[in-house]
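As structure tokens, the structure follows; a few thoughts come after it.
The values are calculated or read from the model by the stated rules, or taken from the named source; none is laboratory data. This one's a predicted model, so the numbers in the text were calculated from it and none came from an experiment. Here the Cβ is made from the backbone with ideal geometry for all residues, glycine too, and neighbour counts use every protein chain on show. Please note that ligands, DNA and RNA were not included when accessible areas were found on the heavy atoms of the full protein model with its side chains. Shrake-Rupley method; radii C 1.70, N 1.55, O 1.52, S 1.80 Å.
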Amino acid sequence: MDEEYDVIVLGTGLTECILSGIMSVNGKKVLHMDRNPYYGGESSSITPLEELYKRFELTDSPPESMGRGRDWNVDLIPKFLMANGQLWDLFLGVVQSLVKMLLYTEVTRYLDFKVVEGSFVYKGGKIYKVPSTETEALASNLMGMFEKRRFRKFLVFVANFDENDPKTFEGVDPKVTTMKDVYKKFDLGQDVIDFTGHALALYRTDDYLDVPCLETINRIKLYSESLARYGKSPYLYPLYGLGELPQGFARLSAIYGGTYMLNKPVEEIVMEDGHVVGVKSEGEVARCKQLICDPSYIQDRVRKAGQVIRVICILSHPIKNTNDANSCQIIIPQNQVNRKSDIYVCMISYAHNVAAQGKYIAIVSTTVETSEPEAEIEPALELLEPIDQKFVSLSDLYEPTDDGTESQIFASSAYDATTHFETTCNDIKDIYKRMTGSDFDFENMKRKQNDVFGEDEQ
């Protein structure tokens, strides 16, 4: 271990593993360490089921009705991946889904994905399929007849919109006109605005309403194009759980010379003149020029930014009113339950090799706003009844106190309450830019990989 590296990475959460893989592909000498004996950190999958009971300090063992313990792989932090049908076209200018990142980095050669069967939104105590096409808009029970027609016109506008062709703007200036004014232009009601902003554009709050509409329009286009690629929903989920993703990127890093050490305690982050110069572990110091880590490794350089409550629920049935879907996402927009932030439900099942036959795992999450977090998620839990077993966790949200340019220590942000990887991708791109001074170039990474793997066979 007494060597010098370009980059040392601490923690094997998904963010850290992706950055480790990227840096290795870019020719950096990388050492990746984790104090735990397993991959994934906070974003790991727990197996067998008995380990989940122990982790949450339940005194009882799983009942026989839960099936074999080894048939379970339960995500601690559930996330779906949004598929982008235009996989080789970076017309949005940024990476808006982890799937695009996976496909560009060839990690998919190690992973199998399955389409999530439905995307739903909550309104007035019931759930409805999220309409994202003209046909679905006209058939949806979310809206009355006249609202359907107005929403259909809005979707046609979004589908035809081309930021490089002013003829498609219909009087909207995408860099000036706010999204609130776009909604007014099409005379859309509050319920339609709620599911459009939160279930299609995937915003967590309503702050987007007062900024120029370009990003929101592109987000809605991304959702629709992803849905068109697979039909049932725009989301994908890996077989055997999200715990496979960090390991996939770990393999990628190893191909390019990265070194991994699990079960390796970190005794000290060594600093000289305000800059990181190494990491001490078991009496040895590995020297480095830059350090990437999750917040738990540098408690003195992060601040608490809030809390997330997550409740893992084991069910013996699909969620009602989802057409007996084996997997789905439900978003409860903030305005529907008088909150400042949305509530999310992510449901997967035995069909994804994460549960025993006939069993389902639904995970509810939201940002904590009161002193009674479990009461905050009650609207979501009511949708899941009856629940066989619940596992409740409260996680602190930490964020770095500085950008790392002086210390060269770059901390990731904690995983938020969302059930998709949008914010995680943004964090990865932000850290990369702060480390290198440039935006991440997927095409350049692809060219480097072709030197190893050869040209695409797709």
statement: With the 1.4 Å probe rolled over protein heavy atoms, the chain has an accessible area per residue in Å² of 42 Å²
- prompt: Name the chymotrypsin sites (Phe, Trp or Tyr not before Pro) in the range 1-65 that are in a loop by DSSP and that have at most 16 other C-beta atoms within 10 Å, would you?
  reply: Tyr38, Phe56
- prompt: Which distance in Å, rounded to a whole number, links the C-alpha centroids of the range 240-269 and the range 305-325?
  reply: 29 Å
field: Whole-Hz ³J(HN,Hα) from phi, Karplus 6.51 cos²θ - 1.76 cosθ + 1.60, for the range 135-148, glycine and proline x
entry: 5, 5, 4, 6, 8, 5, 8, 5, 10, x, 4, 5, 5, 4
statement: Restricting to Cα pairs under 8 Å and 6 or more apart, the percent relative contact order of the range 308-453 works out to 25 percent
- request: Sum -39500 (n - 2.57) across every DSSP H segment of at least 4 residues in the chain, then divide by the residue count to get the 222 nm mean residue ellipticity, nearest 500.
  value: -8000 deg cm²/dmol
query: With the contact rule set at Cα under 8 Å and sequence spacing of 6 or more, what percent relative contact order holds for the range 322-375?
result: 29 percent
statement: Residues whose modelled amide H sits under 5 Å from the amide H of Val368, counting only those 5 or more places away in sequence or on another chain, are Gln307, Val308, Ile309
- prompt: Using a probe of 1.4 angstrom, how much of the accessible area of the range 351-424 is carbon and sulfur, in percent?
  reply: 44 percent
statement: At 25 °C in a medium of viscosity 0.890 mPa s, the range 27-86 has a Stokes-Einstein diffusion coefficient, with Rh taken as the Kirkwood radius over alpha carbon pairs, in µm² per second, of 171 µm²/s
query: For the range 105-201, what's the relative contact order in percent, using C-alpha pairs closer than 8 Å and at least 6 residues apart?
result: 24 percent
message: Keeping all protein chains in the complex and leaving out DNA, RNA and ligands, what accessible area do you get for Met23 with a 1.4 Å probe, in Å² to the nearest 10?
response: 0 Å²
Considering only the chain, percent of DSSP beta bridges that pair antiparallel, nearest 5: 75 percent
- request: Could you check how much of the accessible area of the range 167-232 is carbon and sulfur, as a whole percent, using a 1.4 Å probe?
  value: 50 percent
- prompt: Which ³J(HN,Hα) values in Hz, rounded to whole numbers, follow from the phi angles of the range 407-421 under the Karplus curve 6.51 cos²θ - 1.76 cosθ + 1.60, where θ = phi - 60° and Gly and Pro get x?
  reply: 7, 6, 9, 10, 9, 7, 8, 5, 6, 7, 7, 5, 9, 9, 9
